[in-house]
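As structure tokens, the structure follows; a few thoughts come after it.
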């Protein structure tokens, strides 16, 4: 694609990077074939190619975002299926992030929309505020029929109860036997509240196989949520806090990996190095690159580094594997979890059209409820075709979203792997 950025514009690192991405695009349209929103709406501007044209025009002409651009960019799930199918290697992830930052800087959203996004930005990364919000939602739920559709949708998605972790809060979880490796675990924000059993299973299976697990109390939300809302300053505060907390641990002990069991977070952690690549603080750039290179999905790490001891007591189940977009497209991690699950001796089923998003996508199902529900409907129809006993997924957002559309139990992949190697049976399956 031909571009017409000025020398002055190209002095900006973000613009310079987007210009390189735009030049790779050859207008082929293969991306539209795997774009969920294009599949539903059939509008060129709701596919990656159309959005790229909108972004190019906005950036090249230094134009503030308008209502039309915002509508089509907001509809993007950031599922990155387009990146998997693009023959030219267009890094859509980075250009859509740039577009969202530009929108946040130049566009004044309607009051209700702006307030809603600010509340999500403020509440979701904080476990304390999220719990408080849950109490408020429980009180107001009987009156939700009187509320705007977006608020009703958010209330419907809020869990009615929160399970408790079975593990004591520690900075270090030590295995009973010999330590063969040491890792850091990102325990997350929302996941830690609504599904603490995922972290419990992760720590249990690692400890059982001789891996010492470190949890940095200074680390918190990975920053993905604000990053995808275009709130770059808030996102970078989270990025820097985590980078420094984990880097400090790595200076004291040899750490083999930083593990993530929420694939949306993992995609962002692996991008820390790029985000701070040209930061004026060179030490921060070095640390960010170091952290990105250490970051791995839990199944990615187990598949390559640990020989799991499957007990062989749980076989004969039909398990449908939902490959989260942020994992299969964002991180290119797809075969690893499938391979691990197959080693358990159970029948692992891949879902038809598994490359298409379930509609969760961070805060997408909260802000774009109608599209999210349509994508959920299609996902559940495809899951039903496999007639599974239960569903496995590697992202808590997908688990929450899919569970609202089916009675088939859905659990995190690591919960199943923990169970199949001697851990407790997941409560959703019980």
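Before moving on, here are some points about what is shown:
Each row is one residue, and each column tells you yes or no for (1) surrounded by fewer than 23 Cβ atoms within 10 Å (Cβ to Cβ); (2) in the same structural domain as residue 332 (by TED's automatic domain parsing); (3) more than 21 Å from the chain's Cα centre (by Cα); (4) within 18 Å of residue 334 (Cα to Cα).
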residue	(1), (2), (3), (4)
365	no, yes, no, no
369	yes, yes, no, no
374	yes, yes, no, no
387	yes, yes, yes, no
395	no, yes, no, yes
430	yes, no, yes, no
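- Pairs linking a residue in segment 310-323 that is outside the structural domain of residue 205 (by TED's automatic domain parsing) and buried (at least 16 other Cβ atoms within 10 Å of the Cβ) to a residue that is assigned to a strand (DSSP E or B) and at pLDDT below 95, with Cβ atoms under 7 Å and 6 or more positions apart or on different chains, are 321/350.
- Of the residues examined, residue 125 is one that is farther than 23 Å from residue 9 by Cβ, buried (at least 18 other Cβ atoms within 10 Å of the Cβ) and at pLDDT below 95.
- Meets criteria (without any contact (Cβ under 8 Å) to a residue 24 or more places away in the chain, in the same structural domain as residue 410 (by TED's automatic domain parsing) and more than 20 Å from the chain's Cα centre (by Cα)) for residue 381: yes
- Among the candidates 366, 416, the residue that is in contact with a helix residue (DSSP H, G or I) (Cβ under 7 Å, 6 or more places away or on another chain) and within 22 Å of residue 152 (Cβ to Cβ) is uniquely 366.
- Within segment 140-191, being surrounded by fewer than 12 Cβ atoms within 10 Å (Cβ to Cβ) and assigned to a helix (DSSP H, G or I) holds for 142, 143, 145, 146, 149.
- Just so you know, in segment 278-306 the residues that are part of a loop (DSSP other than H, G, I, E, B) and free of Cβ contacts under 8 Å to residues at least 60 places away in the same chain include one that is nearest to the chain's Cα centre (by Cα), and it is 279.
- In this entry, residue 94 is excluded by the filter for residues that are surrounded by 23 or more Cβ atoms within 10 Å (Cβ to Cβ) and assigned to a helix (DSSP H, G or I).
- When restricted to residues that are surrounded by 18 or more Cβ atoms within 10 Å (Cβ to Cβ) and in a helix (DSSP H, G or I), segment 217-233 contains 6.
- Residues (closer than 19 Å to residue 298 by Cα, in contact (Cβ under 8 Å) with a residue 60 or more places away in the chain and touching a helix residue (DSSP H, G or I) at 6+ places or on another chain (Cβ under 7 Å)) located in segment 224-255: 224, 246, 255
- If the condition is being closer than 14 Å to residue 95 by Cα and exposed (fewer than 14 other Cβ atoms within 10 Å of the Cβ), then segment 25-40 contributes no residue at all.
The values are calculated or read from the model by the stated rules, or taken from the named source; none is laboratory data. What you see is a predicted model, and the numbers here were worked out from it, not measured in a lab. Heads up, the Cβs are rebuilt from the backbone with ideal geometry, glycines too, and the neighbour counts pull from every protein chain shown.
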